[in-house]
1. For S2 paired with H404, estimate the spin-label separation in nm (one decimal), with each label point 7 Å from Cα along the Cα-to-Cβ line.
2. Computing the accessible area with a 1.4 Å probe over protein heavy atoms, can you report the carbon and sulfur percentage for the chain?
3. Kindly report the accessible area of the stretch 230-327 per residue (heavy atoms of protein chains, probe 1.4 Å, no ligands, DNA or RNA), in Å².
4. Sort out for me the Cα centre separation of the stretch 1-23 from the stretch 318-367, rounded to whole Å.
5. Mind giving me the FRET efficiency for E140 and F215? R0 is 25 Å, r the Cβ-Cβ distance, nearest 0.05 is fine.
6. Report the gain in length on full extension from I94 to Q181: 0.36 nm times residue separation, minus Cα-Cα distance, nm rounded to one decimal.
7. What's the ranking of 219-230, 9-20, 166-177 by average number of surrounding C-beta atoms within 10 Å, highest first?
8. Relative to the present Cα-Cα distance, how much length would full extension add between D357 and K419 at 0.36 nm per residue of separation?
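The values are calculated or read from the model by the stated rules, or taken from the named source; none is laboratory data. The structure presented is a predicted model; accordingly, all values stated were derived computationally and were not measured. Don't worry about glycine lacking a Cβ; one is built from the backbone with ideal geometry, like all the others, and counts go over all protein chains shown. Side chains included, ligands, DNA and RNA excluded: accessible areas come from the protein's heavy atoms. Shrake-Rupley method; radii C 1.70, N 1.55, O 1.52, S 1.80 Å.
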Amino acid sequence: NSGVVCLLRPLLLDVVPSIRQTTALALGRLADYDMDLAEAVVRAGILPQLVCALPEENRYYKKTAAFVLRAIAKHSPQLAQAIVQCGALEMLVICLEDFDPGVKEGASWAFGYIARHNPELSQAVVDAGAVPLLVLCIQEPEIALKRIAASTLSDISKHSPELAQTVVDAGAIAHLAQMIQNPDAKLKRQVLSALSQIAKHSLDLAELVVEAEIFPVVLTCLKDSDEYVKKNGATLIREIAKHTPELSQLVVNSGGVAAVIDCIGSSRGTVRLPGIMTLGYVAAHSENLSMAVIVSKGIPPLCVCLIEEHEDHIKAAAAWALGQIGRHTAEHARHVAAANVLPTLLDIYVDARSSEDLKMKASKALKNILQKCTYLPALEPLLHEAPPNIMKHIIGQFSKVLPHDSKARRLFVTTGGLKKVQEIKAEPGSLLQEYINTINNCYPEEIVR
């Protein structure tokens, strides 16, 4: 408010190097503080001055200048675009080639803050020639530099298959894969994130990540003491498993499903989410893969998530995954139903506090499982609770099983199921009425009456 930004501007051209540097630092701290100040620094025309002398300056100034650029770029795509327009990317590339690790680190960081906003800015970073230099940075001995370069490669890769491909073409995958076993947790987080962002886009990219022999090494990350390493490790497995049955089979064969199930059991909150999704993707591909999840005891921890978790989106993911496991055959559905999942899903569906998305996922999962479920003891309790749109699926299953099973018919009378069916008001001619007629036709008329 006192006009300090304009007073600082001439000091950037001072003859004394330490004054130029301290000025840049002051501008960086102002810009870092909030978006309005960052915009004021840009409006004052400071960027061209900051950048033009960069190649001749010493390493301290270069570090500070990179900090200013990062502080401005982080706030919005528009501010990051202003940095691109003033020709800063070429200067940052020069910094990436510097011998000082701190200068490289500052430049990597600035590139990451520019690239993370959108595909266009990410492409500008690629076009400036930063990617091969970033791949060299992850091979440097300094841990801090490795971390930030891996993070920046992740930010570049996340937007599109084409951008991820430029990172792959620079040879990044092999170097990233080697660092999965690095003892530094923060580095592992970034490495797993970068590999996930590459693998998520397409089958080809996922296969390239797998070919770097990340299995079974990546499974050790699911036991890591660092929550983010766990989460990012599970995310990487999810991004690979989702593409095809073959990749899911590879995850199963390497012990990945069992490791993911352990990870869900030993974690809480959002750390569980990618693991839950992984089980859903694996089970969705085929009957055999779904059975692999069941045999590895994947259903109980998913039930626990439905009951324990407070966040609706985590519950929704667990409901979806259970629906994927149970939707294949009567045997699959029986395994899910026997774990007492159906009443829980029903409670969630009718609960007024559940979000719309959660209700939708719970109802879809219920229908998926019910349409295959012939295990009547699990269906029985639902007869007394379910709303009409779910009821028709339940009655439908009874109408399939009862005509062929005399023991079930007797039980259906003694538990009060048949009585309940008589109380249901169905539209004449509707599917529900047909199901009810089929059930009633299994019994002598005096019992029905």
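1. 8.7
2. On the way: 10470 of 19690 Å².
Summing carbon and sulfur atoms, their accessible area is 53 percent of the total for the chain.
3. Working: 3310 Å² over 98 residues.
So the stretch 230-327 comes to 34 Å² accessible per residue, rounded to a whole number.
4. Rounded to whole Å, the Cα centres lie 63 Å apart.
5. Numbers: r = 27 Å, r/R0 = 1.08.
Calculated value: 0.40.
6. On the way: separation 87, 0.36 × 87 = 31.32 nm, distance 3.12 nm.
Net length gain for the segment: 28.2 nm.
7. Numbers: 219-230: 17.8, 9-20: 13.4, 166-177: 19.7.
Packing proxy ranking, top to bottom: 166-177, 219-230, 9-20.
8. Working: separation 62, 0.36 × 62 = 22.32 nm, distance 3.42 nm.
Fully extending the segment from D357 to K419 adds 18.9 nm.
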